[in-house]
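The values are calculated or read from the model by the stated rules, or taken from the named source; none is laboratory data. Here the structure is a predicted model, which is why all the values come from computation and not from measurement. Neighbour counts are summed over all protein chains in view; Cβ atoms, including those assigned to glycine, are modelled from backbone coordinates with ideal geometry. With ligands, DNA and RNA removed, areas are computed over all heavy atoms of the protein, side chains included. Shrake-Rupley method; radii C 1.70, N 1.55, O 1.52, S 1.80 Å.
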Amino acid sequence: MSFWAPGEVSQIVRAVVQAPSVHNVQPWVLEFHERSVLLFERWDHELPRHDPKGRNRLMSCGAALTNLELAVRHLGWETTTTLFPDLAHPDLVATVTAARMGTPTVAEQELYRAIAHRRSHRFGFDGAPLSAEEAREVGNALIGERVGVRRVTERAHAGAIAELCAYTAKTLHHDHRYLHELRALTVDRSKSRVGVPEDRIGHGLFGGLVHGGDSVPDVETLTALIAKECVFVVETVDDGKWDHVHAGMAIQRAWLTATHLGLAASLITQPMQLREVRAGLSERLELPGFPHALFRVGRATRVPKASPRRSFAEVVRENR
Ligand SMILES: Cc1cc2nc3c(=O)[nH]c(=O)nc-3n(C[C@H](O)[C@H](O)[C@H](O)COP(=O)(O)O)c2cc1C
């Protein structure tokens, strides 16, 4: 008899597949072993223009790992997680072991329940700005092993981000291979379970994804927008695979925290794919680490429709 009951397997898989991922490629596959669940990275949807080094793919696996841990905790197990446990299998990102029985904390249950309600909100926010307490809670959730965060509070920093985003939009508009790659993953939700549905793409870099047809925002408007929103820059101490997984884990923790608080959020990584923009951001904000993403949080009255996800059969495989 297997350690995991079929209902438990479904519950864990449901939690994992709902994690955010770069262009919704869902780059993970699971194996269920005695007392443990193994999370592997899958390489079938490479993004040579958007994510040539695979940073975003590993961050996506990190986000899935947060959901995996929460799901196993929800089933009443204390967990032990080991990252990259097997040098012979570099695609094995993490092993999560059900160490001993243990009731999940209230905070863990809140985050677990938020998994199904979290969405990328690529549109403008409405309603009142975040309270200091809300911003602190989300910001604290972003701090973790190897991961730091900078909230954008100074007008000069908002201006620097606006300039770098406008430069990114202009550059990507002329990068036909980049646009082709993004178009290939902009999908009809009734036909594909992988990729961003057309109705969810949004417009413009700050909020939506830059694609071919959108106009380049003017820097002053963008600066005012960024200064008004609650924006965090997520960075890590180094730029290796451990950092990328930890960054994804922290982002997902913060995203679930925001969702639990009734807030909406979206992640912006497009500018970080241009080396000069990433370096410019570090320099102008005097960041001590390596930036990975801008995470914007606000209030929204409309809840976007969930993006499609891979089927159970695509996500769970027989043990190797
Ligand atoms: C590592 C990573 C990078 C992402 N980069 C962007 C981005 O640059 N712009 C954007 O709009 N969404 C970005 N996203 C969000 C994904 O597109 C989104 O999670 C996916 O389409 C699934 O939709 P959902 O978040 O609503 O479930 C990113 C997500 C991850 C995990």
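Things to note:
- Within region 132-298, the proportion of C-alpha pairs whose separation exceeds 20 Å stands at 53%.
- Protection proxy ranking, highest mean first, for peptides 252-260, 31-39, 168-176, 125-133: 252-260, 31-39, 168-176, 125-133, where packing is the per-residue count of other beta-carbon atoms within 10 Å, averaged.
- Net charge of Cβ neighbours under 15 Å - reference V231; Lys, Arg +1; Asp, Glu -1: +4
- Relative contact order of region 132-298, taken over Cα pairs closer than 8 Å and 6 or more residues apart, is 33 percent.
- Normalised by the number of residues in region 80-180, the average gap of Cα pairs under 8 Å and 6 or more apart makes the relative contact order 11 percent.
- Residues with amide H under 5 Å from that of V93, placed H, sequence gap 5 or more: L39, F40, E41
- Base-10 log of normalised Debye intensity for region 6-118 (one unit scatterer per alpha-carbon) at q = 0.20 Å⁻¹: -1.06
- A straight Cα-to-Cα reach below 12 Å connects K53 with the aspartates and glutamates D239, residues fewer than 8 places away in its own chain not being considered.
- For the chain: accessible area per residue (Å², 1.4 Å): 45 Å²
- Rounded to 5, the percent of DSSP beta bridges in the chain classed as antiparallel: 90 percent
- Alpha carbon centroid spacing (whole Å) that separates region 205-272 from region 36-79: 18 Å
- The helix-only estimate of mean residue ellipticity at 222 nm for the chain, built from DSSP H runs of length n ≥ 4 each weighted as -39500 (n - 2.57), is -12000 deg cm²/dmol after division by the residue total.
- Rounded to whole numbers, the Karplus 3J(HN,Hα) couplings from phi for region 72-86 are 5, 4, 4, 6, x, 10, 7, 10, 10, 10, 10, 8, 6, x, 9 Hz, using 6.51 cos²θ - 1.76 cosθ + 1.60 with θ = phi - 60°, and x at Gly and Pro.
- Summed residue charge, Cβ within 13 Å of T103's Cβ, Lys/Arg positive, Asp/Glu negative: 0
- The spread of Cα positions in region 45-101, taken along each principal axis and listed from longest to shortest, comes to 44, 24, 13 Å.
- The chain, accessible surface, carbon-and-sulfur percent (1.4 angstrom probe): 54 percent
- According to the Kirkwood relation over distinct C-alpha pairs, the hydrodynamic radius of the chain is 19.9 Å.
- Residue-count net charge about R49 - beta-carbon cut-off 9 Å; Lys, Arg +1, Asp, Glu -1: -2
- The GluC sites (Glu not before Pro) found in region 257-320 that occupy coil by DSSP, while having at most 12 further C-beta atoms within 10 Å, are E286, E318.
- Full extension of the chain between R49 and S282 yields a length gain of 81.7 nm, computed as 0.36 nm times the residue separation minus the alpha carbon distance.
- Nearest-0.05 FRET efficiency for S190 and A132, computed from C-beta distance (R0 41 Å): 0.40
- Taking every alpha-carbon pair under 8 Å whose residues sit at least 6 apart, the chain reaches a relative contact order of 25 percent.
- The three principal axes of the C-alpha atoms in region 73-135 carry coordinate ranges of 49, 31, 22 Å, sorted with the longest axis first.
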